[in-house]
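Q: Below is one structure. I have some questions about it.
The values are calculated or read from the model by the stated rules, or taken from the named source; none is laboratory data. Computed from a predicted structure; not experimentally measured. Positions of Cβ are generated from backbone atoms using ideal geometry, with glycine treated the same way; all protein chains shown enter the neighbour counts. Surface areas here come from the heavy atoms of the whole protein model, side chains and all, with no ligands, DNA or RNA. Shrake-Rupley method; radii C 1.70, N 1.55, O 1.52, S 1.80 Å.
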Amino acid sequence: DGVPKAPSTAGVKPKITTPEEPQIPARDLTSDWEGTMTLSSVDQWEEFRPNNCEYSGNVSLTLTQEGNVLGGEVFYSEIMESTHNEICEANKMLFMSPHEMNANMFGSGFSGKYFGLDAKGQFTTDLLKVDLSGTLTVGGIPISEIHGQFTTHRVK
């Protein structure tokens, strides 16, 4: 014939190629963040007369990130406590010093620890919300059951 024949493909499975998924780096949350916080606690110092304390105020976060590991410090520039009793005032002092936050990021959220409390967060490019819950202990002794949140925005 003189016409070249295509090689036989009998018994050969076609090679399937799929495009490689691009590796999406974690969104970089390294920045300063400012916003507000609300916290409530049931203090357990008085076994038969627990104190309920409510706090609110301004909060700032300085976050650093390495891959999907998020860290940083949380600062309270002002904390107001609406209950005005001695135990609530004493607990307020525990929050006034900076405390570290360490978390692992996933998708548009993160989960970790802050001041011994569970911290779960959600974020967009410029907004960050952190829910807190857990028992605050001092020297292994439970002091307060705490629930609250920060809602912050990125400082440009």
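Q: Report yes if some residue within the range 139-151 is touching a residue at least 12 places away in the same chain (Cβ under 8 Å), under 14 Å from the mean Cα position of the chain (by Cα) and outside any strand (DSSP E or B); otherwise report no.
A: Looking for residues that are touching a residue at least 12 places away in the same chain (Cβ under 8 Å), under 14 Å from the mean Cα position of the chain (by Cα) and outside any strand (DSSP E or B), one finds none in the range 139-151, hence no.
Q: Please state which of the following conditions residue 63 fails to meet, knowing it meets all the rest: (1) surrounded by 14 or more Cβ atoms within 10 Å (Cβ to Cβ); (2) in a helix (DSSP H, G or I).
A: Tallying (1) surrounded by 14 or more Cβ atoms within 10 Å (Cβ to Cβ); (2) in a helix (DSSP H, G or I), residue 63 fails exactly one: (2).
Q: Right, another one. Of everything in the range 90-127, what is modelled with pLDDT under 90 and among the β-branched types (Val, Ile, Thr)? Give them in sequence order.
A: 125
Q: So, in the range 66-97, of the ones that are β-branched (Val, Ile, Thr) and more than 13 Å from residue 53 (Cα to Cα), which residue ends up least open to solvent (accessible area, probe 1.4 Å)?
A: The qualifying residue least open to solvent (accessible area, probe 1.4 Å) is 74.
Q: Test residue 16 against the criterion of being at pLDDT below 60, closer than 27 Å to residue 131 by Cβ and not in a strand (DSSP E or B), and give yes or no.
A: Criteria not met by residue 16.
Q: Need pairs with beta-carbon distance below 6 Å; first residue in contact (Cβ under 8 Å) with a residue 60 or more places away in the chain and within the range 104-121, second of a type in the set (S, T, N, Q) and open to solvent by 70 Å² or more (accessible area, probe 1.4 Å); sequence gap 6+ or separate chains.
A: Taking only residues 6 or more apart or on different chains, the pairs are 105/68.
Q: Another one. What single numbered condition from (1) farther than 30 Å from residue 156 by Cα; (2) at pLDDT 90 or above fails to hold for residue 72?
A: With respect to (1) farther than 30 Å from residue 156 by Cα; (2) at pLDDT 90 or above, residue 72 is out only on (1).
Q: Open to solvent by 20 Å² or more (accessible area, probe 1.4 Å), in contact with a helix residue (DSSP H, G or I) (Cβ under 6 Å, 6 or more places away or on another chain) and not hydrophobic (A, V, I, L, M, F, W, C): which single residue out of 51, 104 fits that description?
A: 51
Q: Any residue in the range 112-132 that is on the phi < 0 side of the Ramachandran plot, more than 20 Å from the chain's Cα centre (by Cα) and surrounded by fewer than 14 Cβ atoms within 10 Å (Cβ to Cβ)?
A: no
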